[in-house]
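Reading through the structure tokens given below for one structure.
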Amino acid sequence: MADRVTVIGWDGSPLTAAARSALSAATLVAGAPHHLALPEVPGRAERIRLGSVDLAARRIAGHRGSAVVLADGDPGFFGVVRTLRAPEHGLEVEVVPAVSSVAAAFARASMPWDDAQIVVAHPRTLRRAVNVCRAHPKVAVLTSPGAGPAELALLLEGVHRTFVICEELGTDREQVTVLTSDKAADHAWRDPNVVIVIGGTGTHAVRGGGWIAGREAGYPSPVRGWALPAASYGPPGGYGAEQPGEGESPSLRAAQLARLGPRVGDLVWDIGSGGGALAAEAARFGAAVIAVDADPGACARTDAAARGAGVQVQVVNGRAPQVLERLPEPDVVRIGGGGAPVVTACADRRPERIVTHASSRDEAEAVCAALSAGGYTVECALLQSVELDPAGWSERERSVVFLCSGRQPERTAP
């Protein structure tokens, strides 16, 4: 019985001596049709068209002889190695890597990629991949059928990006196309392909290179910390020039962010964004953010706050709840104003969490009732913060507000 399998990466270039040696001794070879057609595959070897890697692993484990799996690019990078190494298969895995399709795509585009986010898009993860493209200025998307360039473009509606689409890398049919995201849905694209998505206000060059692959959370914000004072966001004339309202105090913002828990792959709605401090801080966590406000001045301040923090926020000028109908589905929602009607409209979209505030008990009861009616588990806390002058311990500012939040009940497995 086979207890060892050699996994060979293929990037279109000639196979290495180690790869040719493993193939020449193989009695079973698994791979895609274009892998099995390689002249180096022995004619006597049993061939398995690679669909389900789990099924192939079971076949390999029961095979008497030498087994080889062929895979595109680097098979250890979002590839078959993880599945083949699963303990239940009992296989010892040896890997002969090749250039990953992501590295090849950036090479074709003549771009560095140590500052890029890398995501895998399947139909079940497509929305989260799109949210990363909303939030970050450089993203490589490893696509799949049903979650390709056209689907990415359709879900990015309203967000301008440039697509570098690399089709069938390493083959005679390789093609690289550069176009804007609004044009990508008009074409049919060949699989496999990699899409480099670039653009947005956060695009910048890192002088001398960075020190961490991808993008550090909160980078390149010029300040350290969260729930910062209002003046920390935006240039003079932006948010810092405005007196924050009741719902925009740093202490309340900290509590709201703690309950929202924004993270990479999430889409946050910030309804009634005001000066944009919460939107900017949610984006610093790596989440995609859509900030909504009926006041054009507030929209301008939110945009300035995002630019000042070095993050990307999509700003929508409109009045809730009407404007919410055309927005993509959120994961978490912060409501800065609008009361129970806006809470009800948001609950209808079934985000995982909703957070808002109220200035009176009656308003808090109405908001919590709307959350409960929407099927959410409700929490309410009365927050009081007092800013003191440490020189004389005199009171500078006092804030008292009800914090209302709702979360969807934990789902139990069927």
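The values are calculated or read from the model by the stated rules, or taken from the named source; none is laboratory data. No experiment lies behind these values; they were computed from the predicted model shown. Reconstructed Cβ throughout: ideal geometry from the backbone, glycine too, with neighbour counts over all protein chains shown. Just so you know, the surface numbers come from the protein's heavy atoms only, side chains and all, with ligands and any DNA or RNA stripped out. Shrake-Rupley method; radii C 1.70, N 1.55, O 1.52, S 1.80 Å.
Once every DSSP H run of n ≥ 4 in the chain is given -39500 (n - 2.57) and the sum is divided by its residues, what mean residue ellipticity at 222 nm do you get, rounded to the nearest 500 deg cm²/dmol?
Dividing the helical sum by the residues of the chain leaves -7000 deg cm²/dmol.
Please list, in chain and number order, the residues 5+ apart from residue 316 or on another chain whose amide H is under 5 Å from its amide H, with Hs placed from the backbone.
Those lying under 5 Å, H to H, from residue 316 are 291, 292, 293.
Which semi-axis lengths, in whole Å and largest first, follow from the square roots of five times the eigenvalues of the Cα gyration tensor of segment 264-402? Show your work: numbers first, answer last.
On the way: eigenvalues 124, 96, 36 Å².
Equivalent ellipsoid of segment 264-402: 25, 22, 13 Å, largest first.
Once phi is turned into ³J(HN,Hα) by the Karplus curve 6.51 cos²θ - 1.76 cosθ + 1.60 with θ = phi - 60°, what whole-Hz value does each residue of segment 91-97 show in order, with x for glycine and proline?
Karplus-based 3J(HN,Hα) across segment 91-97 equals 9, 8, 10, 10, 10, 10, x Hz.
How far is it, in nm, from the label point at residue 13 to the one at residue 352 when both lie 7 Å from their Cα along the line to the Cβ?
Calculated label separation equals 4.0 nm.
About the Cα centre of segment 103-176, how large is the charge dipole given +1 on each Lys and Arg Cβ and -1 on each Asp and Glu Cβ? Please answer in debye to the nearest 20.
The dipole of segment 103-176 has a size of about 340 debye.
Which order do peptides 286-293, 167-174, 112-119 fall in by mean Cβ count within 10 Å, highest first? Walk me through the numbers on the way to the answer.
Details: 286-293: 27.2, 167-174: 15.4, 112-119: 18.8.
Final packing ranking: 286-293, 112-119, 167-174.
Got a sec to turn the phi values of segment 30-37 into Karplus ³J(HN,Hα) couplings, 6.51 cos²θ - 1.76 cosθ + 1.60 with θ = phi - 60°, whole Hz, x for Gly and Pro?
For segment 30-37, the Karplus curve yields 10, x, 6, x, 6, 6, 5, 8 Hz.
In segment 49-125, which trypsin sites (Lys or Arg not before Pro) are in a loop and have at most 16 other Cβ atoms within 10 Å, using DSSP for the loop call?
Qualifying residues, ordered by number: 64, 85, 124.
Hey, could you get me the Stokes-Einstein D for the chain, Kirkwood radius over alpha-carbon pairs, 37 °C and 0.692 mPa s, rounded to whole µm² s⁻¹? If you can, show how the numbers build up before the last one.
Working: Rh = 24.0 Å.
Translational D for this selection: 137 µm²/s.
Using alpha carbons only, what's the Rg to Rh ratio of segment 1-143 with Rh from Kirkwood? Before the final figure, lay out each step's value.
Working: Rg = 16.5 Å, Rh = 16.2 Å.
Result for segment 1-143 is an Rg/Rh of 1.02.
For residue 285, tell me the accessible area in Å² from a 1.4 Å probe, rounded to the nearest 10.
Residue 285 has an accessible surface of roughly 70 Å² with all protein chains in place.
Determine, from the Cβ-Cβ distance of residue 83 and residue 44 and an R0 of 22 Å, the FRET efficiency 1/(1 + (r/R0)^6), rounded to the nearest 0.05.
0.25
Write down the accessible area per residue of segment 304-414 in Å², having rolled a 1.4 Å probe over the full set of protein chains. Show your work: numbers first, answer last.
Values: 5940 Å² over 111 residues.
Computed with neighbouring chains in place, this is 54 Å² per residue.
List the residues, sorted by chain then number, that are 5 or more residues from residue 46 or on another chain and whose placed amide H is less than 5 Å from its amide H.
Answer set, sorted by chain and number: 28, 29.
Give the long-range amide H neighbours of residue 336: residues separated by 5 or more places, or on another chain, with amide H under 5 Å away, using H modelled in the peptide plane at 1.01 Å from N.
Here 271, 272 satisfy the definition.
Roughly how many percent of the accessible protein surface of the chain is carbon and sulfur, given a 1.4 Å probe and a whole-percent answer?
On the way: 10260 of 19670 Å².
Of all accessible area on the chain, carbon and sulfur atoms account for 52 percent.
Taking Cα atoms of segment 66-131, Rg/Rh with Kirkwood Rh, to two decimals? It would help to have the intermediate numbers written out before the result.
Working: Rg = 14.7 Å, Rh = 14.1 Å.
Here Rg/Rh amounts to 1.04.
Relative to the Cα centre, what is the charge dipole magnitude of the chain, using +1 at the beta carbon of each Lys and Arg, -1 at the beta carbon of each Asp and Glu, and rounding to the nearest 20 debye?
With Lys and Arg at +1 and Asp and Glu at -1, about 880 debye.
Go through segment 391-404 residue by residue and turn each phi into a ³J(HN,Hα) via Karplus (6.51, -1.76, 1.60, θ = phi - 60°); whole Hz please, and just put x for glycine and proline.
Whole-Hz 3J(HN,Hα) from phi for segment 391-404: 5, x, 6, 8, 7, 8, 8, 10, 9, 10, 7, 8, 9, 10.
Just to be sure I understand: if I project the alpha-carbon convex hull of segment 86-180 onto a plane and average over all orientations, what area do I get in nm²?
Details: hull surface 32.6 nm².
Mean shadow area of the hull around the Cα atoms is 8.1 nm².
Considering only protein heavy atoms, what per residue accessible area in square angstrom results for segment 36-163 with a 1.4 angstrom probe? If you can, show how the numbers build up before the last one.
Values: 6160 Å² over 128 residues.
Per residue, segment 36-163 has an accessible area of 48 Å².
Do you know the relative contact order of the chain, to the nearest whole percent, from alpha carbon pairs under 8 angstrom that are 6+ apart?
Numbers: 892 pairs, mean separation 44.1, N = 414.
Once normalised by length, the contact order is 11 percent.
How large, in Å, is segment 302-371 by the Kirkwood hydrodynamic radius built from its alpha-carbon pairs? Show your work: numbers first, answer last.
Numbers: mean 1/r = 0.0751 Å⁻¹.
Its Kirkwood hydrodynamic radius stands at 13.3 Å.
How many nm separate the modelled label positions at residue 107 and residue 325, each set 7 Å beyond the Cα in the direction of the Cβ?
Taking the two extended label points, one gets 5.1 nm.
Subtract the Cα-Cα distance of residue 58 and residue 122 from 0.36 nm times their separation in residues, and report this length gain in nm to one decimal. Don't skip to the end; give the middle numbers.
Numbers: separation 64, 0.36 × 64 = 23.04 nm, distance 2.40 nm.
Answer, rounded to one decimal: 20.6 nm.
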